[in-house]
Amino acid sequence: MKYIEHLFVGGSVQDLDTILYSLSRDITVFHLYCICLFYNEKRNHVEIMSSKEICKKRYKSKNFEVIGVAYGKAEAIDLFCYIIQQAVEKGSNLQKAEEWIL
């Protein structure tokens, strides 16, 4: 698991360093959701996933980057809407997630 340089952070996230430390050691953070960009041969896509899901073994071999973190699914959806809104304002191609996120 990797993180983008300028991570999007939800308003209720207090201690980002502790969250990143926990995720890098597969320690789940209660009620934490991550917005992830998955790289695939055919097509890249974005998913909102709980930290519990990300820390499972099946994601160790997956190629993805965390682009945002938020407490609660509702805040994660709001944060993702904000990310998309920023991309639209910049005139980015929304069909290519890696272009408007990175």
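Descriptive notes on the structure:
- The single condition among (1) at pLDDT below 95; (2) within 12 Å of the chain's Cα centre (by Cα); (3) β-branched (Val, Ile, Thr); (4) buried (at least 18 other Cβ atoms within 10 Å of the Cβ) that residue 69 does not satisfy is (1).
- In the range 40-53, residue least open to solvent (accessible area, probe 1.4 Å) [restricted to those that are of a type in the set (S, T, N, Q) and either in contact (Cβ under 8 Å) with a residue 24 or more places away in the chain or in a helix (DSSP H, G or I) (or both)]: 51
- Candidate set: the range 54-66, residues that are open to solvent by 70 Å² or more (accessible area, probe 1.4 Å) and of a type outside the set (D, E, K, R); chosen: the one modelled with the highest pLDDT: 63
- Restricting 23, 32, 37 to residues that are buried (at least 19 other Cβ atoms within 10 Å of the Cβ) and touching an Asp or Glu at 6+ places or on another chain (Cβ under 6 Å) narrows the list to 37.
- Flag for residue 13 being surrounded by 13 or more Cβ atoms within 10 Å (Cβ to Cβ), free of Cβ contacts under 8 Å to residues at least 24 places away in the same chain and more than 13 Å from the chain's Cα centre (by Cα): no
- In the range 54-88, the residues that are part of a helix (DSSP H, G or I), small (Gly, Ala, Ser) and within 19 Å of residue 11 (Cα to Cα): 74, 76
- Identity of the residue in the range 73-101, touching a residue at least 24 places away in the same chain (Cβ under 8 Å) and farther than 13 Å from residue 35 by Cβ, that ends up least open to solvent (accessible area, probe 1.4 Å): 98
- Residues of the range 11-26 satisfying the condition of being touching a Phe, Trp or Tyr at 6+ places or on another chain (Cβ under 8 Å) and over 15 Å from residue 72 (Cα atoms): 20
- Residue list for the range 22-39, restricted to those being assigned to a loop (DSSP other than H, G, I, E, B) and more than 20 Å from residue 84 (Cβ to Cβ): 25, 26, 27, 28, 29, 30, 31
The values are calculated or read from the model by the stated rules, or taken from the named source; none is laboratory data. As the structure is a prediction and not an experimental result, all values here were calculated from the model. We place every Cβ from the backbone using ideal geometry, glycine too, and count neighbours over all the protein chains shown. The protein model used for the area step is the full one, side chains on, heavy atoms only, and it has no ligands, DNA or RNA in it. Shrake-Rupley method; radii C 1.70, N 1.55, O 1.52, S 1.80 Å.
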